[in-house]
């Protein structure tokens, strides 16, 4: 792991496990192994968001590309595997550059190298950074066309209201006047659909969640007995969100970076939220950050939305 990332990880873990409700920021789920496991999750039969969004992108990418315009600089936040952006790049007229931003440097570099091989004429400039801390500013290439942010998937649902405002405001500053932003937004729906999407029968999501404990052991000298924790997905109706937890199966103590943390049987570490945000609420959030919702594209069952925001 990059040295510059070591201290924030340690600080977040020690702080989060000291809270009455133990918690860890979801961004730390995505080390190289976590990113690989999440890519596997997106292909599971229970996990509807990725295939639904891909269908929308494949059908509507020409409309999105027309709205963005020619010679654009595309900035993808939390870039991951770069699967979805290919659909957009193929539809765009002469894109000037692509800037993927992702916290996992090794995963980002591998994905960017693969993309460079398939798009030899496109300037690809990866930035290894936490998208929540993004201050890309002058680091972005210039272009004749506009800058367009790209934030597919349902990651925006992992964020609190304050974090969404901060992220959208940062992106507005990054991308500048005249910019646009394409954002994926999972929609509210029945828990009967939601819970299996985050607790699949094959146990891939469980492995993804528990990998965070393995990472703590490896990078922070922790001594978690990973097998004494189990993955749990809960629907929180009041907050309109799925929560991922790691539940202790017995009373136990864990030492991390020289500090001891005690767990009761049944006590959990809250690792991720995935909120399902209605369109009107998200539009209000975007307006506070300097964006206006101008277009929306949805599947026929309205499970998922892809939105176009314009800078104001």
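Working out 0.36 nm times the residue gap between residue 21 and residue 67, then minus their Cα-Cα distance, what length gain in nm do you get to one decimal?
That pair, residue 21 and residue 67, stretches by 12.1 nm at full extension.
Kirkwood Rh over Cα pairs of the range 207-285 into Stokes-Einstein at 4 °C, 1.567 mPa s: D in µm²/s?
Reported coefficient: 92 µm²/s.
Mind jotting down the three principal axis lengths of the range 169-312 based on Cα atoms? Whole angstrom, largest first.
53, 35, 26
Sort the following peptides by mean Cβ neighbour count (other Cβ atoms within 10 Å, averaged over residues), highest first: 244-250, 114-120, 143-149.
143-149, 244-250, 114-120
Can you put 301, 12, 199 in order of Cβ neighbours within 10 angstrom, beginning with the fewest?
301, 12, 199
If you take the C-alpha gyration tensor of the chain, multiply each eigenvalue by 5 and take the square root, what semi-axes do you get, largest first, in whole Å?
33, 22, 18
Based solely on C-alpha atoms, express the radius of gyration and the Dmax of the range 263-312 in angstrom.
Spelled out, the Cα radius of gyration and Dmax of the range 263-312 are 16.5, 51 Å.
At q = 0.15 Å⁻¹, work out log10 I(q)/I(0) for the range 89-170 with the Debye formula, treating every Cα as an identical point scatterer and leaving solvent out; two decimals please.
Calculated log10 I(q)/I(0) at the listed q: -0.63.
Can you tell me the alpha carbon radius of gyration of the range 144-226 divided by the globular rule-of-thumb value 2.2 N^0.38 Å?
Its radius of gyration relative to the 2.2 N^0.38 Å reference: 1.53.
Which of 35, 240 comes first, and how do the rest follow, when ranked by fewest Cβ neighbours within 10 Å?
Fewest-to-most ranking of 35, 240: 240, 35.
Residue 10 to residue 109: extension gain in nm, 0.36 nm per residue of separation minus the Cα-Cα distance?
That works out to 33.3 nm of additional length.
Looking only at the chain, where both bridge partners belong to it, what percent of the DSSP beta bridges are antiparallel (to the nearest 5)?
Of all bridge pairs located within the chain, approximately 65 percent are antiparallel.
Just to be sure I understand: of the beta bridges DSSP finds with both ends in the range 143-257, what percent are antiparallel, rounded to 5?
Rounded to the nearest five, the antiparallel share is 65 percent.
Arranged from highest to lowest average of other beta-carbon atoms within 10 Å per residue, in what order do the peptides 200-212, 153-165 appear?
200-212, 153-165
Any chance you could run the full-extension gain for residue 116 through residue 94? It's 0.36 nm times the residue separation minus the Cα-Cα distance, nm to one decimal.
6.4 nm
Mind jotting down the three principal axis lengths of the range 1-89 based on Cα atoms? Whole angstrom, largest first.
49, 34, 23
Please list log₁₀ I(q)/I(0) at q = 0.12, 0.16 Å⁻¹ for the range 1-160, using the Debye equation with identical point scatterers on the alpha-carbon positions.
Computed log10 I(q)/I(0) values: -0.57, -0.98.
Throw me the Rg/Rh for the range 191-244, computed over C-alpha atoms with Kirkwood Rh, two decimals.
Using only Cα positions, Rg/Rh for the range 191-244 is 1.07.
Only the coordinates and a few stated rules stand behind these numbers; no lab work does. Predicted, not measured: the structure shown is a model, and the values here were computed from it. Every residue, glycine among them, receives a Cβ derived from its backbone with ideal geometry; neighbour counts consider all protein chains shown.
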